[in-house]
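Just so it is clear, none of the values below were taken in a lab; they were calculated from the coordinates. Just so it is clear, the structure is predicted and the values come from calculations on it, not from any experiment. Here the Cβ positions follow ideal geometry from the backbone for every residue, glycine too, while neighbour counts run over all protein chains shown.
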Amino acid sequence: MALFVPSPAGAWGERTHEIINRRSIEFLPEPARSEWAAMALPLGAHASDADHRKSRVPGERPRHFIDIDVYDEHPFDDVPRDLEELVRKRGREEVDQWGTVPWAIEECWRMLVLSLERGDWSSAGAWGADLGHYVADSHQPLHCTVNYDGQNTGNDGVHLRFEVHMMNRHFDETLIDRTAPLPDPGGDVVEFCFGWIAAAYPGLHPILRADTEAREADSGHGDAYYQEMWSQTRDLATSQVTAAARDLAALYLAAWEEAGSPPGPEIAPPFSALPPEVLDPPQTRSGTAHRGAWLTAAAILVSALVLGSR
Ligand SMILES: [Zn+2]
């Protein structure tokens with residue numbers, strides 16, 4: 001029954017996504033932490049919006065992963081950081097097939113900056129929640145490989161077992177290490193993302209090995225399976241969730257500072273993303289003759305986003 005086959009690109013379950021987005025605020029230094037404090041709960045509540053719109057928004061699906069090992073060997077230094085260059089080399093179809101999460105992160109970050117420059121925390125919240133979603137996805141080693149579901153190594157189904165069922169059973173958010181120091185994105189969001197992907201990738205083999213041994217203990221994937229899986233991957237899963245929250249905080253902080261450190265809301269507004277066309281209108285459309293046309297288009301896009309995905 002196709003309806004009940006889970007999407008292997010589903011990513012951390014909703015609970016883990018919620019934890020990563022919400023707890024990332026605790027990693028911020030003052031005064032940023034106080035300015036963002038009201039945003040923590042709604043950022044968590046909207047952490048899986050990007051997954052929810054996958055089935056209805058064309059082009060959403062590849063934004064959640066990159067099967068980076070089809071392009072190069074670890075640590076992936078030869079994969080183009082420029083999306084247009086990668087598309088020129090491999091073609092659009094192939095690039096979409098292998099996933100585009102680093103550039104989804106870059107777009108969300110830029111839109112977050114532009115929203116914050118307007119002091120628009122409604123739009124900043126929506127882009128920031130999506131940013132957190134993609135950051136979390138790309139810290140999951142099974143989101144960074146063509147063997148994303150263990151299908152090439154006899155570990156079929158490991159994706160969902162590891163990131164959703166095991167995490168929901170065993171992960172406790174108090175395991176997150178809040179003392180982890182914030183990295184500096186260094187002004188290049190895509191390079192920052194490739195850095196944490198290279199750091200996450202070696203976790204792939206321990207996950208597959210743990211699955212193989214856990215299935216030997218309990219081939220029916222019952223309690224004994226998850227107990228064994230957790231005992232072998234607890235440290236890895238915890239450090240990846242911590243790294244996701246920490247790296248997300250570094251991106252929130254960099255965006256907020258880039259936008260001039262605007263004051264945060266006392267109560268978070270409902271989230272509604274202004275589309276890129278509004279936040280960053282093309283220069284060629286700035287003339288009076290075109291303004292009406294693009295404002296209309298922008299209004300349609302805003303309603304599509306509000307109605308369709310938020
Ligand atoms: Zn996802």
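What the table below lists for this structure:
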{"quantity": "Folded to 0 to 90 degrees: helix 101-117 orientation relative to the chain principal axis, Cα", "calculated": "40"}
{"quantity": "10 Å Cβ shell holding at most 14 others, DSSP loop, GluC sites (Glu not before Pro): longest site-free stretch of the chain", "calculated": "74-265"}
{"quantity": "Burial ordering of K54, K89, fewest other beta-carbon atoms within 10 Å first", "calculated": "K89, K54"}
{"quantity": "Convex hull volume per residue for the chain, taking Cα atoms only, in Å³", "calculated": "143"}
{"quantity": "Degrees between helix 189-200 axis and first principal axis of the chain (Cα, 0 to 90, nearest 10)", "calculated": "10"}
{"quantity": "The stretch 1-100: Cα Rg divided by the 2.2 N^0.38 Å rule of thumb", "calculated": "1.37"}
{"quantity": "For the stretch 168-173, Karplus couplings with θ = phi - 60° (6.51, -1.76, 1.60), whole Hz, Gly/Pro x", "calculated": "5, 6, 10, 6, 10, 5"}
{"quantity": "Vicinal HN-Hα couplings computed from phi for the stretch 69-80 (Karplus, 6.51 cos²θ - 1.76 cosθ + 1.60; Hz; Gly/Pro x)", "calculated": "6, 7, 9, 6, 8, 4, x, 6, 5, 8, 7, x"}
{"quantity": "Å³ per residue enclosed by the Cα convex hull of the stretch 99-252", "calculated": "112"}
